[in-house]
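Have a look at the structure below, then the notes.
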Amino acid sequence: MWPQSKGTSFLLIGPIGSGKSTLARFLQDGTVPEDYVSTAGTRTLARSEDIALDGLRLKISVIADTAGHPEAIRAWHEKAKESDILLYLVSYAEASDSSYVKRVRRDTGQLRDWRSKGELRDHSRTVLIVTHMDRHEDFGDGVSQGRANHAERVARSAPAVAAAVKELGPACPVIAGSLATTAACTDVTFRLLTAIESSLG
Ligand SMILES: Nc1nc2c(ncn2[C@@H]2O[C@H](COP(=O)(O)OP(=O)(O)OP(=O)(O)O)[C@@H](O)[C@H]2O)c(=O)[nH]1
Ligand SMILES: [Mg+2]
């Protein structure tokens, strides 16, 4: 059973600059950081009230924001074992770069292995979040609800996203958007809450 009463724990992972800290902060207090400070180790954030958006509500226990360098995967592994929702973030802006694709394939392949070895909580879910969609000409001013499906299709055609989907499997939700503004973060969070609600039943 989904441990809603205790609150849901989130783990944010993904390469450097993919938006982990931005989304972590937004989930924590609804604000968007002004400056980019690269995260060195794992930071655990707490949120006291439920997050509520357009009729969707979720109690959050902890939000673990992690470093994005390749060696951080060891810290991800430990945290992943105790998390309910694993958010893997990929930047659309870098998703065609071959070394980035390789990195994403390695990370998501590890996630798949941890799950197949039974190291993750049975009820836990992985969600793929594609950020920086505002870099695509169709979404310069954000991804509105009506264009979410279009953004998802565009994102899935990018090599790094395709590689991640191949490793994580077709059931893994893909949310493509932007974290550049408060409105854009709200939109991504709404779609995230929707995906969590529908994948958990
Ligand atoms: N335009 C745009 N900028 C973004 C988006 N997401 C994040 N950023 C910016 O990208 C930079 C990196 O974002 P962070 O959230 O700090 O990335 P991170 O994954 O925590 O990075 P590390 O801690 O270095 O691994 C910041 O300047 C953010 O404002 C996005 O969707 N669009
Ligand atoms: Mg960070």
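Please treat every number below as a calculation from the coordinates, not as lab data. Only a predicted model underlies this, so the values are computations on that prediction, with no experimental measurement involved. So basically every Cβ, Gly included, is an ideal-geometry build from the backbone, and we count neighbours across all protein chains shown.
The table for this structure:
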| item | result |
| --- | --- |
| Extension gain (nm, one decimal) between E82 and E34, 0.36 nm per residue minus Cα-Cα | 14.2 nm |
| Within a Gaussian network of the chain (alpha carbon springs, distance under 10 Å), most fluctuating of A180, A171, A24 | A171 |
| Distance between modelled label sites at H69 and A162, nm, 7 Å Cα→Cβ extension | 3.2 nm |
| Part-to-part distance (alpha-carbon centres) for the range 105-134 and the range 1-62, which is given in Å | 17 Å |
| Qualifying aspartates and glutamates (Cα of each under 19 Å from Cα of K117; at least 8 residues distant if same chain) | E78, E82, D84, D107, E167 |
| At 1.002 mPa s and 20 °C, Stokes diffusion of the chain via Kirkwood alpha-carbon radius, µm² per second | 129 µm²/s |
| Share antiparallel - DSSP beta bridges, the chain, percent rounded to 5 | 30 percent |
| Inter-label distance, nm, simple model (7 Å from Cα along the C-beta direction), E49/S199 | 2.7 nm |
